[in-house]
Every structure is written in C-alpha cells, then in structure tokens.
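Encoded as structure tokens, the structure appears first; notes follow it.
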Amino acid sequence: MTTAKKPVLTLNEVREDVAEVLALIERTRGAGLPEAESLESLKATLTECCETWRKFVDAAAGAVAAGEAVTVHRLLSITAATPEKLGMLALGAAVAPRLDSVLKEVAAAAKKRDDGRLRLTADEKAARLLELRRELYRLELVEESGVEHTGAARRPDANGAAVLGVPADVAEAHGLLSSEVQ
Amino acid sequence: MTQAPAPWRSAARARLVRLKSEAEASRAESQRLMQTCVAMTQALRTTEAELAELERRAAFTQGPALAQIERALAEKGADLDAHRAALAAARLRHEETRNAYGMQQRVLDGAIAAAMRVGLIDSPEAV
C-alpha cells in the first residue's frame, strides 16, 4: 500500500504562496458591504435626515402657531444650526416626499456601476480574514523552516512570531497571526 | 510543583539570541567595510596627489629624466585605476552588507516584539 505524501515545497514556492495569501488578505480587507446592506445603511441615514426635517417643520409650526416673528436667528435656533444638522435638514427636505423612489434610483444607478468587487458582511469579512491569517501563519512557519534549512535571507516583513517558531495557537491567542496592522 | 515550560519557548529564546548575534555581526561587518572604504579613499587621494606631482615635474623635465618620470607616471596611473576599481567594489560590498543588516534588524525587531507579547522576554534589552 502506498501512502499519499504531501509535496515538499521549495522556499520560493512557499514564498509565492505567502504572497498569494497576502494579496487575498488585502483584497478581503478592501471588500465592500453587500449591496443590500449598503443600501440599508443609506436608507437609515436618509430616514434620519427626514426625521430631522419633520422635527424642524414641527418646531417651525409651533413658532408660527405662537405668533412669533420667525427671524433667521430664530430659524437657526430651531435647527440647532450645526453644519451637520443643516446638511441633514436640507437632505431631509429634498428626500422626505419621495424616499422610496430615491432609494430605487440609487439602487439602479449602483447596479450599473457594479465592478464585481468582493462584497462581504462585517461578520463574513472577519471570519474570512481569520481563516486567511491562519493560513498565512501556517505558511510562514513552513517558510521559516525553509530559511533555517537553506540559510536564505528572511523577508524583512517576516512575521516575528513565525521566525521564533511560536506555535500557531499561541500566536493566535496573543494576536500574532499576522504582522500586518489588524 | 512548577510546570515545565513548553519546549518551543527554549527553542524560540535560542533563535532570538541567534538573530541578535547575526544582526550584530552584520553591523560590525558593515562598520568594518565602511572603515575600509574610508582608508581606501584616503589612499586614492594620496595616489592622485602623487600623480599630480609627477605630472608637474614632467612639465619641467627633459631627456632621460623625463623618460623615467613618464614610466613612473604610467605605473602611478595603473595604481590609480586599480585603487578606483577596488574602492568601487568595497563600496558595493559595504552597501550590500548595510542593506542586509537593515533587513536583519527589522526581522529582529519583529521577533523581539513577538517575544515580548508571548512573555518570552520582559524587554528588548533582555535578549
């Protein structure tokens, strides 16, 4: 009976694999949210703007009902007058009467611009990054044994934990799976 | 009863010490090569000055004495070429060694940071 042997990779091959995993990590880190989730966040933000607009209308109505002279100064006091509030007010005024059609318009325009980028929810991204970082660390341990064996120079960005031969579970427990900024 | 440390810890500590001594050896080699370059540059300047002096003397000399100076000039010119080639090679070697040291130091810094995180050492000075 023959046993299946894992192919022994050369140091260069391991380094190619390391580069590939690093590229995947970079791509995953740059992944956008799924379209529906992104659209949902837009809806929540615009709804908040509409709410700001409705509160303004209500406060202005109160001032008019009380027979006040509604000056610019009074208007600004009604809106709380921070640049962000004013922006939200303007957006709310524009969007409030037709929020659903604005969202449909944005969704249709976004579909036309879809460049096929990777899209992941926050949980999916975290899980995928952890998986990739575990794979990277495994490869870096193999790479380090290749360096030790051949006497080749180390990559300047080699993971210090892998260079020391820290076991993967210990490295993971101490946040050392990847030397990149996490 | 105290628990024996995991075997990887002593191996990692030994590797850390080795990384540091390798980086220190590269730094010492880089400094030695830099001093060599300085000495070779001084020797080159001396040869250049000697050549200039011979050229000055040749301008005021005639007959057999001139032939002798011209021979000396040719020898000195060859010396100068050899000095320049040796200096260029030494500078290249110094540059390579300095780069290698820089990379080893970066790896060492990463290893020290990792060693501190897993409690292998308390401070960089502990290596």
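Rolling a 1.4 Å probe across all protein chains gives B:Arg106 an accessible area of roughly 140 Å². When the solvent-accessible area of the protein assembly as shown is split by element, carbon and sulfur atoms take up 57 percent of it, the probe being 1.4 Å. When chains B and A come together, the accessible area they lose, probed at 1.4 Å and totalled over both chains, is close to 1500 Å². Taking the longest Cα principal axis of chain B as reference, the axis of helix B:63-117 is set at about 10 degrees.
Heavy-atom accessible area for B:Met40, with the other protein chains in place and a 1.4 Å probe, reaches approximately 50 Å². Positive end of the charge dipole of segment A:35-113 (Lys, Arg +1 and Asp, Glu -1 on Cβ, about the Cα centre): tell me which of A:Ala63, A:Leu99, A:Ile78 has its Cα farthest that way. Selected residue: A:Leu99. Ranking A:Gly146, A:Ala158, A:Ala108 by how far each Cα lies toward the positive end of the dipole of chain A (charges on Cβ) leaves A:Ala108 at the top.
With 20 Å as the limit, the listed pairs A:Lys43/A:Lys111; A:Lys43/A:Lys85; A:Lys55/A:Lys104 have A:Lys55/A:Lys104 beyond it between alpha carbons. Subtracting the Cα-Cα distance of B:Ala49 and B:Asp81 from 0.36 nm times their residue separation leaves 10.1 nm of extension gain. Largest GNM mean-square fluctuation among B:Gln42, B:Gln31, B:Gln105, using chain B with Cα springs under 10 Å: B:Gln42. Just so you know, the averaged projected area of the alpha carbon convex hull for segment B:3-127 sits at 9.8 nm². Each Cα pair under 8 Å and six or more residues apart adds its sequence gap; the mean of these over the residue count of chain A is a relative contact order of 31 percent.
Spin-label model, B:Ala89 to A:Thr47: label points 7 Å out along the Cα-to-beta-carbon direction sit 7.7 nm apart. The slack between A:Glu68 and A:Thr121, meaning 0.36 nm per residue of separation minus the straight C-alpha distance, is 14.1 nm.
Taking the Cα centre of segment A:35-113 as reference, the dipole from Cβ charges on Lys and Arg (+1) and Asp and Glu (-1) amounts to some 240 debye.
So, for the protein assembly as shown, what is the accessible surface per residue at a probe of 1.4 Å, expressed in square angstrom?
64
When the residues A:Thr10, B:Thr36 are ordered by accessible surface, computed with a 1.4 Å probe over the protein chains alone, the sequence from largest down reads A:Thr10, B:Thr36. Between the alpha-carbon centres of segment B:32-86 and segment A:52-71 there is a gap of 96 Å. Within chain A, the ratio Rg/Rh, alpha carbon atoms throughout and Rh by Kirkwood, equals 1.29. Comparing B:Gln68, B:Gln35, B:Gln104 in a Gaussian network model of chain B, where Cα atoms under 10 Å apart are tied by springs, the biggest mean-square fluctuation is seen for B:Gln68.
Computed from the C-beta positions of A:Ala168 and A:Ala107 and an R0 of 35 Å, the FRET efficiency is 0.25 to the nearest 0.05. Charged side chains reduced to their Cβ positions (Lys and Arg at +1, Asp and Glu at -1) give chain A a dipole of some 540 debye around its Cα centre.
The values are calculated or read from the model by the stated rules, or taken from the named source; none is laboratory data. Worth saying up front: this structure is predicted, and the values here are computed from it rather than measured. As a convention, Cβ positions derive from the backbone with ideal geometry for all residues, glycine included, and neighbour counts pool all protein chains shown. These area figures cover heavy atoms from the full protein model, side chains too; ligands, DNA and RNA do not enter into them. Shrake-Rupley method; radii C 1.70, N 1.55, O 1.52, S 1.80 Å.
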